1. Quick check for me: using +1 on Lys/Arg Cβ and -1 on Asp/Glu Cβ, what's the dipole size of the stretch 8-83 about its Cα centre, in debye to the nearest 20?
2. Can you give the extra length, in nm with one decimal, that the chain gains between residue 29 and residue 72 once fully stretched, where that is 0.36 nm per residue apart less the Cα-Cα distance?
3. Hey, can you find the accessible area per residue of the chain for me, probe 1.4 Å, expressed in square angstrom?
4. Taking the convex hull of the alpha carbon atoms in the stretch 1-74, what volume per residue do you get, in Å³?
5. Suppose only helical runs count, i.e. DSSP H with n ≥ 4. What mean residue ellipticity at 222 nm does that imply for the chain under -39500 (n - 2.57) per run, divided by all residues and rounded to the nearest 500 deg cm²/dmol?
6. Using a 1.4 Å probe on the protein chains only, how many percent of the accessible area of the chain belongs to carbon and sulfur?
7. Please identify, among 45, 32, 72, the residue showing maximal mean-square fluctuation in a Gaussian network model of the chain using a 10 angstrom Cα cutoff.
8. Can you compute the modelled spin-label distance between residue 43 and residue 60, with each label point 7 Å from Cα toward Cβ, in nm?
Amino acid sequence: MALRFLGIIPNTPTDESPTIWLDEESGDLLIQSYKATEEEVRACQEIGSIPGHSTDVPDHETIIRLPAVMLQYMPRPDRSGEEASAATSA
């Protein structure tokens, strides 16, 4: 697996560090962030997603809360359709 560091919350304390990495082979993002609270998970389940789709969160998945400041590090397609990183420095 070839991972590339994309970003971490600026001025983060040493024991709280929401971080984003990119798997350069698959294009998947690996995200370390805060766990959603039970209240937030219930709210997500109440809203649901698409009709007929389960609102249960399987054991191998979780819901995380990604701080808005982290969006700057999310890779986005550029105008030509190629993947581009929002972060220019690592």
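1. Taking the Cα centre of the stretch 8-83 as origin, the dipole is about 320 debye.
2. 14.1 nm
3. Result: 77 Å² of accessible area for each residue.
4. Residue-normalised Cα hull volume stands at 137 Å³.
5. Using -39500 (n - 2.57) per qualifying helix, the result is -3500 deg cm²/dmol.
6. Values: 3530 of 6920 Å².
Answer for the chain: carbon and sulfur cover 51 percent of the accessible area.
7. Ranking 45, 32, 72 by mean-square fluctuation puts 45 first.
8. Simple spin-label model gives 2.9 nm for this pair.
The values are calculated or read from the model by the stated rules, or taken from the named source; none is laboratory data. As the structure is a computational prediction, the values presented were derived from the model and not from experiment. With ideal geometry, Cβ positions are generated from the backbone for all residues, glycine too; neighbour counts draw on all protein chains shown. Accessible surface is based on the protein model in full, side chains and every heavy atom, while ligands, DNA and RNA are left aside. Shrake-Rupley method; radii C 1.70, N 1.55, O 1.52, S 1.80 Å.
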